[in-house]
Amino acid sequence: MSKIYVLFVSVLLCNTVFSQGGLVNVNGSFGDFGQYSMHPLTNSYNINTFNTVENTKGRRYFFDEWVKGTVIDSSGKEIKSDDFFFNFDKVKNSLLVTKDKKEIIEVNKESIREIHFTDKGINYDFVKEEKIIPYKFVEVLVRNDRVGVYKTINTHLVKANYTTNGLTESGNPYDEFVDAPAYYICYKGAWSPVLLKFKSIKTVLKEESKKVNQFYADHLNDEVDENYLKSMATYINQ
């Protein structure tokens, strides 16, 4: 590894450890750093217009554009700089960092404890949680000592699989990034997986049955989705 690369990485995020060969030029020129393709799906991917790959549906990246953020490293130190931009690769469960929106770094997950993004005035928090998946980041939907709600991302690529025999058709003629999230509730320190179904939520929060039933009565026409789960947790925490 070149001295220039070591120096660049050290300055970039306060000596945070990065993956080997993690610096990439999106025009296909990898300079003296060796080939390390951050975007193996296409050679013409434009890093400044995320989630717009031709003939591909779904979203590989959490944000459609570079956003601001802060990082908590493995020692608990906050790494913050207005000079850098961030995004999150949902497939690889990894943090992407750039300074000039041309060259990007994929940060070694072992060096990070938390990631905090800010986009259009909204905060998004990702943490490693030992009780869920200790080596991957999960999204914090509600952070509270009473009822906390967490979400695993679980995005994968489903390749085009369209077939026809002239009479019948099956599959899709396009690649698609598919999310398969899973949800967890931390109630007073006890962790439980939960489905986006009222019965499942009520079972996990049985000690809060009065508030759970009241919330249910007030939202009879609402779909039991992610926002429903977040809203219920927020209501119970009041």
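Rounded to 0.05, the FRET efficiency of the His156 and Thr234 pair, given R0 = 41 Å and the Cβ-Cβ distance, is 0.85. Candidate cross-link partners of Lys57 among the aspartates and glutamates, defined by an alpha-carbon separation under 18 Å and a same-chain spacing of 8 or more, comprise Glu65, Asp89, Asp175, Glu176, Asp179. The gain in end-to-end length when the Asn144 to Asp83 segment is fully stretched comes to 18.8 nm, 0.36 nm per residue minus the alpha carbon separation. Using a Förster radius of 41 Å, what is the FRET efficiency between Glu110 and Leu167 based on their Cβ-Cβ separation? Nearest 0.05, please. For Glu110 and Leu167, the calculated efficiency is 0.20. For Thr118 and Glu223, FRET efficiency with R0 = 35 Å and r from the beta-carbon atoms, rounded to 0.05? Efficiency computed from Cβ-Cβ geometry: 0.80.
Put a dot 7 Å past the Cα of Lys136, heading toward its Cβ, do the same for Tyr174, and the two dots end up 2.5 nm apart.
No value in this document is a laboratory result; all are computed from the given coordinates. Computed from a predicted structure; not experimentally measured. Because the Cβ atoms are built from the backbone with ideal geometry, glycine has one as well, and the counts that use them run over all protein chains shown.
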